[in-house]
Amino acid sequence: MRGVLRDMNVLPLRRACALAAVAAACSGLAACGSSSSSSSSSSSTKTSSATTASGGGGQQLKLAASESGGLKFSKSSLSAKTGAVTITMVNPSGNAQPHAIAVEGNGVDKDGPIAQPGKDSTVTVDLSKPGKYTFYCPVDSHRQAGMQGTLTVQ
C-alpha cells in the first residue's frame, strides 16, 4: 500500500514538470518569432513577389526554374526596396538539370548554391543602391540560354 501511495504522489509531480517544460519551450519559441513583426513596417507598394523576411528585416523574393519550352525562370522581372534581399529559386522535382540563382550589378556579384531537382537555391545580397540588377542561373550556359531577368531596386 505504501508503494501505491508513493506512486500516486509522483504522477502529479511528473505531470507538473512536463507541463512546465512545455510552457517554457513555448514561451521561448514565441519570443523568437515575435521580433519579426517590429521590422515589417514597409510600405504597401511592394510587388507580390516581395515579402518581409522573418528575421533581419530584409525582403524575400521567390521564383522557380522552368525547363519547359527552354531554360527560363518563372518570372523575368522582380522588384525590391533597397537593403537586404533574399532570392529563393525553387528547382522543381520534375526538372532534369541542376540550377542556381545569382545576382549581379552595381558592384554586386553573388551566386547561390547549385540546387538539384527538388531542391532550392538561395542567395542574400545587400542591394544598397537603387537601380537595375540582373538575376540569372550561373550553371553552365543556362544564362546564355535565357535563364535571366531584371531586378529593379528602388
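Residue-by-condition table, conditions (1) modelled with pLDDT under 95; (2) open to solvent by less than 50 Å² (accessible area, probe 1.4 Å); (3) assigned to a helix (DSSP H, G or I):
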{"site": "SER27", "(1), (2), (3)": "yes, no, yes"}
{"site": "SER42", "(1), (2), (3)": "yes, no, no"}
{"site": "LYS46", "(1), (2), (3)": "yes, yes, no"}
{"site": "LEU78", "(1), (2), (3)": "no, yes, no"}
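Could you check the stretch 105-149 for strands (runs of 3 or more DSSP E) lying wholly inside it with 3 or more residues that are open to solvent by less than 90 Å² (accessible area, probe 1.4 Å)?
Values: elements: 108-111, 119-127, 131-136.
Fully inside the stretch 105-149 and qualifying: 119-127, 131-136.
Of the residues making up the stretch 80-104, those that are in a strand (DSSP E or B) and open to solvent by 40 Å² or more (accessible area, probe 1.4 Å) are ALA84, VAL90, GLU104.
The values are calculated or read from the model by the stated rules, or taken from the named source; none is laboratory data. Note that the structure is a prediction, hence the values are computed from the model and not measured. For the accessible areas, the whole protein counts, side chains as well, though only heavy atoms, and no ligand, DNA or RNA atoms are used. Shrake-Rupley method; radii C 1.70, N 1.55, O 1.52, S 1.80 Å.
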